[in-house]
Amino acid sequence: MPRDVRARQNMYFFREANERIQQPGGDWRSAQRLVFVCECSNLGCRAPVYLTLEEFRLVRETPGQFIVVPDHIHPIDERVVALTSSHAVVTSVDVDEALMTEVRIVER
Ligand SMILES: [Zn+2]
């Protein structure tokens, strides 16, 4: 399997793992930061990322966004959406292209 495909699957694996951290009925207004897992494309990365539930929810409102440690941004195929001292939000250039392809299919 090509490395970039495995890296992409890795990002989605940790994205799903992070989704499970959300507790049903959790308090979105809590300022307490929870530990999520870095969703970067580095295989084997288990770096902790600290976000409040509200910050996490805002990131998840936009499909194709990933939470990574600021040091783990991959500038070649990711675009930085937000950057704080504790985490960065990146969007995959591949996902952007996939969305554009979908739009083109719909227009046909
Ligand atoms: Zn990472």
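Cβ-Cβ below 8 Å, separation at least six or inter-chain, first residue in region 43-63 and basic (Lys, Arg), second assigned to a helix (DSSP H, G or I): which pairs?
Matching pairs, first to second residue: ARG60/GLU19.
Can you tell me which residue is farthest from ASN18 (Cα to Cα) among those in region 38-55 that are within 10 Å of the ligand (Cβ to nearest atom) and crowded, with 21+ Cβ neighbours inside 10 Å?
Checked region 38-55; the qualifying residue farthest from ASN18 (Cα to Cα) is SER41.
Can you pull out the residues in region 57-72 that are within 16 Å of the ligand (Cβ to nearest atom) and either surrounded by fewer than 17 Cβ atoms within 10 Å (Cβ to Cβ) or among the hydrophobic types (A, V, I, L, M, F, W, C) (or both)?
If the condition is that a residue be within 16 Å of the ligand (Cβ to nearest atom) and either surrounded by fewer than 17 Cβ atoms within 10 Å (Cβ to Cβ) or among the hydrophobic types (A, V, I, L, M, F, W, C) (or both), then VAL59, PHE66, ILE67, VAL68, VAL69, PRO70, ASP71 are the ones that fit.
Looking at the structure I just gave you, is SER85 away from the ligand (no atom under 15 Å from the Cβ), in contact (Cβ under 8 Å) with a residue 12 or more places away in the chain and part of a loop (DSSP other than H, G, I, E, B)?
So SER85 fits the description; yes.
Only one of PHE13, PHE56 is at pLDDT 85 or above and part of a helix (DSSP H, G or I). Can you tell me which?
PHE56
The values are calculated or read from the model by the stated rules, or taken from the named source; none is laboratory data. Being a predicted model, the structure only gives us computed values, none of them experimental. All Cβ positions, glycine included, derive from the backbone under ideal geometry; neighbour counts span all protein chains shown.
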